[in-house]
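The values are calculated or read from the model by the stated rules, or taken from the named source; none is laboratory data. What you are looking at is a predicted structure, and each value in this text was computed from that prediction instead of being measured. Positions of Cβ are generated from backbone atoms using ideal geometry, with glycine treated the same way; all protein chains shown enter the neighbour counts.
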Amino acid sequence: MKRKEFVIKMGTGVLVACSGSCLLSACSPGDDGIQNTGENTGDGGNNGSKPSIDIGVIPEVGDQRKSGRVLFIRIDTGNSTSSFVALEAICPHQSGALVYVPDQQIVQCQLHAAQYELDGDVVRGPQNSSGSTRDLKVYTTALSGTTLTANT
Ligand code: FES
């Protein structure tokens, strides 16, 4: 193999290797799981309009739906504001996604498994990760027709 051929072949190999690693790092979601992007300001993620849902999307007790940075959870039958809870949807620790676990009646982080009560209180801090978390913000809600809005 001539020197010119060698340089071309090696250059192509290096280019492919670098492209692969660059693509992998760009697609990496974080250290070990689900992570939301953006700053968690606790403002509900409203950009001029408040997060809201149609209550028809969470018809059963335990159902949940995220809108913006707010997690809406149905906690009781009926269609009054007391049938719902609206909390931060993004974990204060390192921005993991929060989901409601109905059979335990807790909200759990999908990144480091911190757990919170429905009133926002911390039940358990981050697991296998440094740092701590804080209580979640709980928003009052307003119901207009079937539209439930979080007052962020
Ligand atoms: S991001 Fe939620 S516990 Fe770490």
Next on the checklist: When you scan the stretch 124-138, do you find a residue that is within 16 Å of residue 58 (Cα to Cα), of a type outside the set (Lys, Arg) and outside any loop (DSSP other than H, G, I, E, B), even just one?
Outcome noted: no
Checklist entry - Scanning for something within 14 Å of the ligand (Cβ to nearest atom) and in a loop (DSSP other than H, G, I, E, B), does the stretch 52-67 turn up at least one residue? => result no
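Conditions (1) near the ligand (Cβ under 10 Å from one of its atoms); (2) closer than 19 Å to residue 69 by Cβ; (3) outside the structural domain of residue 75 (by TED's automatic domain parsing), marked per residue:
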| residue | (1), (2), (3) |
| --- | --- |
| 101 | no, no, no |
| 107 | no, yes, no |
| 112 | yes, yes, no |
| 116 | yes, yes, no |
| 124 | yes, no, no |
| 129 | yes, no, no |
| 136 | no, yes, no |
| 140 | no, yes, no |
Next on the checklist: Only one of 98, 118 is out of contact with any helix residue (DSSP H, G or I) (no Cβ under 9 Å at 6 or more places or on another chain), in contact (Cβ under 8 Å) with a residue 40 or more places away in the chain and either part of a strand (DSSP E or B) or not hydroxyl-bearing (Ser, Thr, Tyr) (or both). Can you tell me which?
Outcome noted: 118
Checklist entry - Quick one: is residue 135 in contact with a strand residue (DSSP E or B) (Cβ under 8 Å, 6 or more places away or on another chain), surrounded by fewer than 15 Cβ atoms within 10 Å (Cβ to Cβ) and closer than 17 Å to residue 152 by Cβ? => result yes
